[in-house]
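The values are calculated or read from the model by the stated rules, or taken from the named source; none is laboratory data. Everything numeric here is computed off the predicted structure, so don't read it as measured data. Note that we place each Cβ from the backbone using ideal geometry, even for glycine, and neighbour counts take in every protein chain shown.
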Amino acid sequence: MVNTILTDIEGTTSSIHFVHEVLFPYAAKNLPEFVRGNHTKPEVSSALQDVAALAGIAANDLEALIAQLLHWISDDKKVTPLKSLQGLVWEHGYRNGDYQAHIYADALDSLKAWHQQGLDLYVYSSGSVYAQKLFFEFNEGGDLSGLFKGYFDTVTGAKREAESYQKIQKAIGKPASEILFLSDIVEELDAAAEVGMHTAWLQRDAAEMEYHPHHRCVRSFADIELSALR
């Protein structure tokens, strides 16, 4: 019986357009000055050291590091130090009231209902844990941070690798058969299913629903029937 929900964010709880048309452009515009003004702070310096190591750039070449970060943003790379720095930049935008995170109405209703029913809710996204927490704190649906017991990002591992879900299952401390993973990406669902998790494929914008032999196929959270998952 499923008693735990592990959910993706982009394309699952929230619109891809918000991420790509609001958050990414905001980071691209504001990251250079943020890095220049904050590069000596420990959390920024640590991320820049990681960027230097990954890209083969001198750690003291600030402008080259910034150029690499902007290149990764334009290519939508899931690089952990980039995600960490984006989260710090996005915090300013959230706290300044420049935007609020989007959430689908069906996701908001279901997450609240599941929480009230006593289910444990977790998030697994390519965005940093810090960015995830900001996302659900500064949300159109209100401060939703209290709904979730924990967050996972690419520090745990890549989202298309089964080992990542095995680590998450162990961290949650429940059998994989009690966990339902929600995503709009089939390869992520494949990886979760490989370790025994239940899966649901969100197909919000598809002109026609696709069938998959191993994943439940749904349009929205409202279509998810937990009682059918055993």
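Observations, loosely collected:
- Qualifying residues in segment 27-86 (those that are assigned to a helix (DSSP H, G or I) and of a type in the set (K, R)) - the one surrounded by the fewest Cβ atoms within 10 Å (Cβ to Cβ): R36
- Residue match in segment 217-228 (condition: of a type outside the set (D, E, K, R) and under 27 Å from D50 (Cα atoms)): no
- Across segment 181-206, the number of residues qualifying as among the small types (G, A, S) and assigned to a loop (DSSP other than H, G, I, E, B) comes to 2.
- Within segment 111-141, restricting attention to residues that are in a loop (DSSP other than H, G, I, E, B) and of a type outside the set (S, T, N, Q), the residue that is nearest to K159 (Cα to Cα) is G127.
- The lone criterion from (1) within 22 Å of the chain's Cα centre (by Cα); (2) modelled with pLDDT under 95 left unmet by V218 is number (2).
- Hey, L108 among the aliphatic types (A, V, I, L, M), in contact with a Gly (Cβ under 8 Å, 6 or more places away or on another chain), in the same structural domain as D205 (by TED's automatic domain parsing) and farther than 22 Å from I179 by Cα or not: no
- In this structure, I66 does not satisfy being among the hydrophobic types (A, V, I, L, M, F, W, C), out of contact with any Ser or Thr (no Cβ under 9 Å at 6 or more places or on another chain) and within 30 Å of A228 (Cβ to Cβ).
- Just one residue in the set K174, K167 is surrounded by fewer than 18 Cβ atoms within 10 Å (Cβ to Cβ) and in a helix (DSSP H, G or I); that residue is K167.
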